[in-house]
Amino acid sequence: MPKIAAVTGIAATLGMLASTVSAPAQQAQTTLPEVTVTAPNAQQPEWYAPRPGMLGKTRVEEQQWQEIPCDSSRMTAGAGKCQDGPKVMSAASYMSAGERPNAYGDCTIVHPLITAVIGRFAVEADVLVFDPHKVTPTQWNGKCTVWSGYRHLPDDFRDMNQVARRGTGWQNFVPGDGHSGAQSTMQFADGSRSCLALERLGPPWQGGFVWVMHATLCQAAAMPITQADIDTVAGTLQIHVYDPVGNLAAPR
């Protein structure tokens, strides 16, 4: 009987200690803030890299983009197939201020795509472009800008468009310096075609650029693609900065 009494006493003591410890713990738990964890998108392609400082969907998805008349596109090449991607905006231009979600003014960055034959090259090119001098009745896009494109070159080139996604044998990456007018290039193959991926940066604006262009150039022959070839293609791709939609300013 003494042993039983001793065991019973020990059990009672442990129970009291447990209740004493658990009470503050339970009380502390009720004051913890709620935490929301957002898991990464498991469906995101391996090479997809959203451009920094941009709000909206910037990935080129040809099958989902609407075909438009080329004379209404902000990028033309004389002939070809023109498409229009989702419009985006810069993060800096989206500043919530009461009931004015666009306190820094209008920021409409358009994303046209063109597929064309230029010389001996099959070209697919897209550009993110906005009009830095657009004037509307109540707003001015002073905080709008296009950021300098992909963050992790050269790997990001592999998701540039449907041509690049088929690409193999990526080699000879030549990086630009990140300044206005700079370009970055990399060679790859699309089946039997030899190709080049290109990024070009437009005029500077608000820490970014007025436009950023991406393109793939492919040819049937296994010939080198020179800087003169790139300049010819880029010169044929006409980027129209002026935004005619709701713009009170005259074309420049």
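Just the residues that are within 18 Å of Phe121 (Cα to Cα) and outside any loop (DSSP other than H, G, I, E, B), please, taken from the stretch 142-164. Don't jump to the end; show me each part of the working.
At the first step, the residues of the stretch 142-164 found to be within 18 Å of Phe121 (Cα to Cα) are 160-164.
Once the filter is applied, which keeps residues that are within 18 Å of Phe121 (Cα to Cα) and outside any loop (DSSP other than H, G, I, E, B), the stretch 142-164 yields Gln162, Val163, Ala164.
State which residue pairs qualify: first residue of a type in the set (Phe, Trp, Tyr) and inside the stretch 58-70, second residue crowded, with 16+ Cβ neighbours inside 10 Å and at pLDDT 95 or above in any location, beta carbons under 7 Å apart, and separation of 6 or more residues or different chains.
Cβ pairs passing all conditions: Trp65/Gln83; Trp65/Asp84; Trp65/Gly85; Trp65/Leu113.
Would you pick out the residues in the stretch 222-240 that are part of a strand (DSSP E or B) and loosely packed, with under 14 Cβ neighbours inside 10 Å?
Gln238
In the stretch 194-207, what residues are in contact with a helix residue (DSSP H, G or I) (Cβ under 9 Å, 6 or more places away or on another chain), buried (at least 16 other Cβ atoms within 10 Å of the Cβ) and of a type outside the set (A, V, I, L, M)? Spell out the reasoning first.
From the stretch 194-207, those in contact with a helix residue (DSSP H, G or I) (Cβ under 9 Å, 6 or more places away or on another chain) are 195-200, 206-207; that's our starting set.
If we keep only those that are buried (at least 16 other Cβ atoms within 10 Å of the Cβ) too, we end up with 195-200, 206.
Listed by number, the residues that qualify are Cys195, Glu199, Arg200, Gln206.
Do we find that Ala250 is in a helix (DSSP H, G or I) and either modelled with pLDDT under 95 or surrounded by fewer than 21 Cβ atoms within 10 Å (Cβ to Cβ) (or both) in this structure? Full working, then the answer.
On the way: in a helix (DSSP H, G or I): no; either modelled with pLDDT under 95 or surrounded by fewer than 21 Cβ atoms within 10 Å (Cβ to Cβ) (or both): yes.
When the stated conditions are applied, Ala250 does not pass them.
Looking at Ala125, is it modelled with pLDDT under 95 and out of contact with any His (no Cβ under 6 Å at 6 or more places or on another chain)? Show your work before the answer.
On the way: modelled with pLDDT under 95: no; out of contact with any His (no Cβ under 6 Å at 6 or more places or on another chain): yes.
No.
Residue check: is Arg158 of a type outside the set (Val, Ile, Thr), touching a strand residue (DSSP E or B) at 6+ places or on another chain (Cβ under 9 Å) and within 23 Å of Thr115 (Cα to Cα)?
Against the criterion (of a type outside the set (Val, Ile, Thr), touching a strand residue (DSSP E or B) at 6+ places or on another chain (Cβ under 9 Å) and within 23 Å of Thr115 (Cα to Cα)), Arg158 qualifies.
Restricting attention to the stretch 237-251, which residues are in contact with a Phe, Trp or Tyr (Cβ under 6 Å, 6 or more places away or on another chain) and either closer than 29 Å to Asn172 by Cβ or touching a residue at least 40 places away in the same chain (Cβ under 8 Å) (or both)? Steps first, answer last, please.
The initial filter retains those residues of the stretch 237-251 that are in contact with a Phe, Trp or Tyr (Cβ under 6 Å, 6 or more places away or on another chain), namely 239, 251.
If the condition is that a residue be in contact with a Phe, Trp or Tyr (Cβ under 6 Å, 6 or more places away or on another chain) and either closer than 29 Å to Asn172 by Cβ or touching a residue at least 40 places away in the same chain (Cβ under 8 Å) (or both), then Ile239 is the only one that fits.
Within the stretch 193-216, can you find the residues that are under 16 Å from the mean Cα position of the chain (by Cα) and of a type in the set (A, V, I, L, M, F, W, C)?
Leu198, Leu201, Phe209, Val210, Trp211, Val212, Met213, Ala215
Sort out which residues of the stretch 217-236 are in contact (Cβ under 8 Å) with a residue 40 or more places away in the chain, under 26 Å from the mean Cα position of the chain (by Cα) and farther than 20 Å from Val110 by Cβ, and write them in order of number.
Across the stretch 217-236, the qualifying residues are Leu217, Cys218, Ile230, Val233.
The values are calculated or read from the model by the stated rules, or taken from the named source; none is laboratory data. The structure displayed is predicted, hence computed values, not measured ones. As a convention, Cβ positions derive from the backbone with ideal geometry for all residues, glycine included, and neighbour counts pool all protein chains shown.
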